[in-house]
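> Sharing a structure, written as structure tokens. Questions coming.
The values are calculated or read from the model by the stated rules, or taken from the named source; none is laboratory data. Keep in mind that what you see is a predicted model, and the values were worked out from it rather than measured. When we count neighbours, we look across all protein chains shown, and the Cβ atoms used for this are built from the backbone with ideal geometry, even at glycine.
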Amino acid sequence: MKLTFRWYGEDRDAVTLQNIRQIPGCTGLMGLLDDKAAGEIWTEEEIKAYIDHVHEAGLECEVIESVNVHEDIKMGLPTRDRYIENYRITIRNLAKYGVKVIVYENAAIDPPTAYDYRVPAAATIDKKSVDVDVSQWIANPSGTADELQVGVDPSATDHAHVKGGKDSTIITVDLTDEARAVPYTVTNTTYGITSTAFIQVPAYGVFPPVLRPKAPALKVNARETITINIADYVRVGAGKTAYVDGADSVSATKAADGDLYVNDQTLRFTAPKDYAGPASITFTAVDGKRDKNDKVKIVNSAVLTLPITVIGREVPPPTFSSSTVDVVAGEKATTIDLTALTHSASGLYEDEKQ
């Protein structure tokens, strides 16, 4: 730690540099260059002359008080960009001559930063409440994160509360029949300044269609067809029904044909004859339909893919019938028609028969 002295300059301060030099343990000063209008550049020549004058007295000058900020910057006026650039140039010029710190007396205390957060509908599956950690959505521009305290606005305490102790940043929100925006607060406890933002939560049971985690595996033999009832594989919110959003939304890999759509709740998949391995069928699932008047209502949708395993066919070899052929020695050769003795296994397709 260095002992320094605040100095207003020879024209404004009765204390001289020589006086400061005599203070026991004092190695430098905090200078002040306020003779420039706000927004003007402090040139290298002006800064060098000031720093050299301080050094000649045997003192350091690593701290400067108040590089004046133009009002256009504070008010966000279109002319601010020029003054911001001038401020940057001044900062660079000060740094070039050893100034490391710029301080401001009675600087304004900025309130905590808090951002809105929308809970994904998929995060509410199988839940009646959700825990939201807002730590990544808040900040303290006027201090450290340890000075912040998270709370719930009094208007929302019936269905939300802070989970854990006073230092917790986790807010528990109950899911209700309607989507809601829950106001939460973040307070700078040092200065007593509070900001408010919102956690947006969907209604209970409102989430896009998802695959059932324990649905039976889909397997089909090559050349055969499997019929898929999507209700067995797609989960939707309570009281809702899963549908296929039209034939155009259905596609498949490794399918024998494009005949995939049966109706809005049923799909089919036919395996090719000469393939074994992974396949799939993809479709857009929805959890509702428009009513008879074609009025718009909330319908959740998701593109889902069902994996399918195609099991290759093992064609058994043909069999021969037992037969005795009598051939008399010395007579003409006897011709035997082997096809008459050959039999294909039952259940084969015509192109598989030998």
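> Go through the range 70-83 and count every residue that is loosely packed, with under 15 Cβ neighbours inside 10 Å and at negative phi. Don't jump to the end; show me each part of the working.
Of the range 70-83, the ones loosely packed, with under 15 Cβ neighbours inside 10 Å are 71, 74-79, 81-82.
Those left that are additionally at negative phi: 71, 74-75, 77-79, 81-82.
Selection size over the range 70-83: 8.
> Then there's this: Residue by residue through the range 39-53, note down the ones that are of a type in the set (A, V, I, L, M) and in contact (Cβ under 8 Å) with a residue 40 or more places away in the chain.
Filtering the range 39-53 for residues of a type in the set (A, V, I, L, M) gives 41, 47, 49, 51.
Listed by number, the residues that qualify are 41, 47, 51.
> Now for a separate question. So how many residues does the range 250-261 have that are under 30 Å from the mean Cα position of the chain (by Cα) and modelled with pLDDT under 95?
To start, the set of residues in the range 250-261 that are under 30 Å from the mean Cα position of the chain (by Cα) comprises 250-253.
Those still in the list that are modelled with pLDDT under 95 too: none.
Total satisfying the criteria: 0.
> Would you please name the residue that is modelled with the lowest pLDDT, looking only at residues in the range 329-346 that are over 60 Å from the mean Cα position of the chain (by Cα), exposed (fewer than 10 other Cβ atoms within 10 Å of the Cβ) and not charged (D, E, K, R)?
Just the residues of the range 329-346 that are over 60 Å from the mean Cα position of the chain (by Cα), to begin with: 329-343.
If we keep only those that are exposed (fewer than 10 other Cβ atoms within 10 Å of the Cβ) as well, we get 329-335, 337-340.
Cutting the leftovers down to not charged (D, E, K, R) gives us 329-330, 333-335, 338-340.
Working: 329: 77, 330: 73, 333: 76, 334: 72, 335: 75, 338: 67, 339: 70, 340: 64.
Top of the filtered list is 340.
> Continuing with this model, one more query. Kindly indicate whether any position in the range 199-213 is among the hydroxyl-bearing types (Ser, Thr, Tyr) and buried (at least 19 other Cβ atoms within 10 Å of the Cβ).
We begin by selecting, within the range 199-213, every residue among the hydroxyl-bearing types (Ser, Thr, Tyr); these are 204.
Now drop any that are not buried (at least 19 other Cβ atoms within 10 Å of the Cβ), which leaves none.
So far as the range 199-213 goes, no, none of its residues is among the hydroxyl-bearing types (Ser, Thr, Tyr) and buried (at least 19 other Cβ atoms within 10 Å of the Cβ).
> A further question on this structure: Just give me the residues in the range 213-230 being within 21 Å of residue 124 (Cβ to Cβ) and either touching a residue at least 40 places away in the same chain (Cβ under 8 Å) or aliphatic (A, V, I, L, M) (or both), in sequence order. If you could, list the steps in order and put the result at the bottom.
Step one: filter the range 213-230 for residues within 21 Å of residue 124 (Cβ to Cβ), giving 213-215.
Result: 215, single match.
> Considering only residues that are in a loop (DSSP other than H, G, I, E, B), at pLDDT 80 or above and either in contact with a Phe, Trp or Tyr (Cβ under 9 Å, 6 or more places away or on another chain) or hydroxyl-bearing (Ser, Thr, Tyr) (or both), which ones fall in the range 14-37?
First, pick out the residues of the range 14-37 that are in a loop (DSSP other than H, G, I, E, B): 14-16, 22-25, 33-37.
Pick out the ones that are also at pLDDT 80 or above and you get 14-16, 22-25, 37.
Hits for the range 14-37 are 15, 16, 23.
Here's the yes/no breakdown for (1) exposed (fewer than 15 other Cβ atoms within 10 Å of the Cβ); (2) out of contact with any helix residue (DSSP H, G or I) (no Cβ under 9 Å at 6 or more places or on another chain); (3) not assigned by TED's automatic domain parsing to the domain that holds residue 79:
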| site | (1), (2), (3) |
| --- | --- |
| 7 | no, no, no |
| 10 | yes, no, no |
| 14 | yes, yes, no |
| 17 | no, no, no |
| 20 | no, yes, no |
| 25 | yes, yes, no |
| 28 | no, no, no |
| 31 | no, no, no |
| 40 | yes, no, no |
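> Right, another one. When the residues of the range 157-196 are filtered to those that are of a type in the set (A, V, I, L, M) and either modelled with pLDDT of 95 or more or not assigned by TED's automatic domain parsing to the domain that holds residue 143 (or both), which remaining residue is farthest from residue 123 (Cα to Cα)? Steps first, please.
Of the residues in the range 157-196, the ones of a type in the set (A, V, I, L, M) are 160, 162, 170-171, 173, 175, 179, 181-182, 186, 193.
Remaining after also requiring either modelled with pLDDT of 95 or more or not assigned by TED's automatic domain parsing to the domain that holds residue 143 (or both): 160, 162, 170-171, 173, 181-182, 186.
On the way: 160: 17, 162: 19, 170: 15, 171: 15, 173: 12, 181: 16, 182: 17, 186: 24 Å.
For the range 157-196, the residue satisfying everything is 186.
> While we're here: Looking at the range 123-176, which of the residues that are in contact (Cβ under 8 Å) with a residue 60 or more places away in the chain and in a loop (DSSP other than H, G, I, E, B) is nearest to the chain's Cα centre (by Cα)?
Looking at residues that are in contact (Cβ under 8 Å) with a residue 60 or more places away in the chain and in a loop (DSSP other than H, G, I, E, B), I get 125.
> Something else: Restricting attention to the range 65-87, which residues are hydroxyl-bearing (Ser, Thr, Tyr) and closer than 11 Å to residue 41 by Cβ? Walk me through it before giving the result.
Step one: filter the range 65-87 for residues hydroxyl-bearing (Ser, Thr, Tyr), giving 66, 79, 83, 87.
Passing the criteria: 83, 87.
> If you don't mind, there's one more thing I want to ask. Select from the range 57-81 the residues that are assigned to a helix (DSSP H, G or I) and touching a residue at least 12 places away in the same chain (Cβ under 8 Å) and list them in ascending order. Give the steps one after another, and end with the answer.
First, the residues of the range 57-81 that are assigned to a helix (DSSP H, G or I): 71-75, 80-81.
The answer is 71, 72, 73.
> For the range 103-122, enumerate the residues that are assigned to a loop (DSSP other than H, G, I, E, B), in contact (Cβ under 8 Å) with a residue 40 or more places away in the chain and among the aliphatic types (A, V, I, L, M).
Across the range 103-122, the qualifying residues are 109, 119.
> Just checking, does the range 131-154 include any residue being modelled with pLDDT of 95 or more and hydroxyl-bearing (Ser, Thr, Tyr)?
yes
> Filter the range 262-285 down to residues that are part of a loop (DSSP other than H, G, I, E, B) and under 37 Å from the mean Cα position of the chain (by Cα) and give me whichever is nearest to residue 219 (Cα to Cα).
Taking the range 262-285 and keeping what is part of a loop (DSSP other than H, G, I, E, B), we get 264-265, 271-276.
Restricting the remaining residues to those that are under 37 Å from the mean Cα position of the chain (by Cα) gives 264-265.
Details: 264: 22, 265: 19 Å.
Ranking the qualifying residues of the range 262-285, first place goes to 265.
> Are any residues in the range 166-184 under 30 Å from residue 108 (Cα atoms) and surrounded by fewer than 19 Cβ atoms within 10 Å (Cβ to Cβ), and if so, which ones?
166, 167, 168, 170, 183
> Restricting to the range 86-113, name every residue that is surrounded by 12 or more Cβ atoms within 10 Å (Cβ to Cβ) and over 15 Å from residue 48 (Cα atoms).
Selection gives 86, 87, 102, 103, 109, 110, 111, 112, 113.
> Out of all the residues in the range 10-27, is one or more at positive phi and within 47 Å of the chain's Cα centre (by Cα)?
Pass one, the range 10-27, residues at positive phi: 25.
Now restrict to residues that are within 47 Å of the chain's Cα centre (by Cα): none.
Among the residues of the range 10-27, not one is at positive phi and within 47 Å of the chain's Cα centre (by Cα), which makes the answer no.
> Kindly establish whether residue 274 is in the same structural domain as residue 302 (by TED's automatic domain parsing), more than 15 Å from residue 228 (Cα to Cα) and free of Cβ contacts under 8 Å to residues at least 40 places away in the same chain.
Details: in the same structural domain as residue 302 (by TED's automatic domain parsing): yes; more than 15 Å from residue 228 (Cα to Cα): yes; free of Cβ contacts under 8 Å to residues at least 40 places away in the same chain: no.
No: the conditions fail for residue 274.
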